[in-house]
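Chemist: Below you will find the structure I want to go over with you.
The values are calculated or read from the model by the stated rules, or taken from the named source; none is laboratory data. As the structure is a prediction and not an experimental result, all values here were calculated from the model. Cβ placement follows ideal geometry from the backbone for every residue including glycine, while neighbour counts extend to all protein chains displayed.
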Amino acid sequence: MQVLVNFEDPLCCDDELIRRVEGVIAGTLERFGEHLFRVEVRLRDLSSEKPGDRDKVCSLEARMTGAVSVVAEHEAPTLTEAIHVAAGKLERLVSRQLREFARTLAESQEIEHSPAPR
């Protein structure tokens, strides 16, 4: 699984933060590794756009096999919280998407293998 980290403000981008983000994403989603081929991370600081406590945003988009993608986002007072909570949300969404896919696949196989009506 490839993790791409993008920053809205290139001045806040450093190698340590990129490694931390990659580690959180890889650790949180490792059980889905064979189903995910890329996770795009977008980090933003809204402090110039919107005053308030929750001005750090982490948006995640997971690209899954079968051209399916799921998106999660979280706003928080710190980037660390935004990253961890968004990763948890994405984990739940990916899990739900894979369960739905497996159910749909099982139903289609049942239809294919059911005896023809007489």
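Chemist: Please work out which one of (1) at pLDDT below 90; (2) surrounded by fewer than 18 Cβ atoms within 10 Å (Cβ to Cβ) is the condition residue 69 fails and give its number.
Modeler: Just one mismatch for residue 69, condition (1).
Chemist: Let me ask something additional. Of the numbered conditions (1) touching a residue at least 24 places away in the same chain (Cβ under 8 Å); (2) of a type in the set (A, V, I, L, M, F, W, C); (3) within 15 Å of residue 1 (Cα to Cα), residue 67 fails exactly one; give the number of that condition.
Modeler: Condition not satisfied by residue 67: (1).
Chemist: On the given criteria, is residue 92 in contact with a Phe, Trp or Tyr (Cβ under 8 Å, 6 or more places away or on another chain) and basic (Lys, Arg)?
Modeler: Values: in contact with a Phe, Trp or Tyr (Cβ under 8 Å, 6 or more places away or on another chain): no; basic (Lys, Arg): yes.
No.
Chemist: Further question on the same structure: Criterion first (outside any helix (DSSP H, G or I), of a type in the set (D, E, K, R) and surrounded by 11 or more Cβ atoms within 10 Å (Cβ to Cβ)) does residue 75 satisfy it? Steps first, please.
Modeler: Details: outside any helix (DSSP H, G or I): yes; of a type in the set (D, E, K, R): yes; surrounded by 11 or more Cβ atoms within 10 Å (Cβ to Cβ): yes.
Taking the combined requirement at face value, the residue satisfies it.
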